[in-house]
Amino acid sequence: MVKLTRKETEKVKQLRVLFPREVKVHIRRSQDGGFVAEVLDYPGCITEGDTLSALIDMVNDAIYTMLEIPQKYVSYMPVYLLL
């Protein structure tokens with residue numbers, strides 16, 4: 001992992017504050033056999049995946065997109081898991 005500058009570290013801290021501790025997600029089967037997730041905390045945030053594992057990755061990606069997280073900081077952001 002690349003070492004961040006002080007300015008980048010501060011930016012990461014600012015971005016991490018945007019993330020709630022947990023998110024509520026409604027998951028259902030899609031008509032084609034995969035899964036669809038609606039992130040209830042972010043209206044209009046809907047994504048899909050072929051497997052539950054892929055769906056979790058897609059939910060995290062959708063949240064990063066909703067929060068407009070720059071790609072270079074994504075690896076420093078929280079990751080939501082299915083509980």
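Of the residues that make up the stretch 30-40, is at least one among the small types (Gly, Ala, Ser), part of a strand (DSSP E or B) and in contact with a Leu (Cβ under 8 Å, 6 or more places away or on another chain)? Checking the stretch 30-40: at least one residue is among the small types (Gly, Ala, Ser), part of a strand (DSSP E or B) and in contact with a Leu (Cβ under 8 Å, 6 or more places away or on another chain). Against the condition crowded, with 16+ Cβ neighbours inside 10 Å, over 12 Å from the mean Cα position of the chain (by Cα) and outside any helix (DSSP H, G or I), how does Val2 come out, does it pass? So Val2 fails the test. For the stretch 32-53, does any single residue satisfy the condition of being free of Cβ contacts under 8 Å to residues at least 12 places away in the same chain and either within 19 Å of Leu81 (Cβ to Cβ) or in contact with a helix residue (DSSP H, G or I) (Cβ under 6 Å, 6 or more places away or on another chain) (or both)? Yes, the stretch 32-53 has at least one match.
Of the residues making up the stretch 47-70, those that are among the small types (Gly, Ala, Ser) and in a loop (DSSP other than H, G, I, E, B) number 0. I'd like the full set of residues that are touching an Asp or Glu at 6+ places or on another chain (Cβ under 7 Å) and hydroxyl-bearing (Ser, Thr, Tyr), limited to the stretch 2-46. Scanning the stretch 2-46 gives a single hit, Ser30. Looking at Val23, Val36, just one residue is at pLDDT 95 or above, within 12 Å of the chain's Cα centre (by Cα) and β-branched (Val, Ile, Thr), and that residue is Val23. In summary, Ser30 fulfils each of the numbered conditions (1) out of contact with any Phe, Trp or Tyr (no Cβ under 6 Å at 6 or more places or on another chain); (2) within 18 Å of Tyr64 (Cα to Cα) with the single exception of condition (2).
Working only within the stretch 71-82, note down all residues that are outside any helix (DSSP H, G or I) and touching a residue at least 24 places away in the same chain (Cβ under 8 Å).
Residues of the stretch 71-82 that are outside any helix (DSSP H, G or I), as a first pass: 77-82.
Residues satisfying the conditions are Met77, Pro78, Tyr80, Leu81, Leu82.
The values are calculated or read from the model by the stated rules, or taken from the named source; none is laboratory data. Small disclaimer: the values here were computed from a predicted structure and weren't measured. Cβ atoms come from the backbone with ideal geometry, glycine included; neighbour counts cover every protein chain shown.
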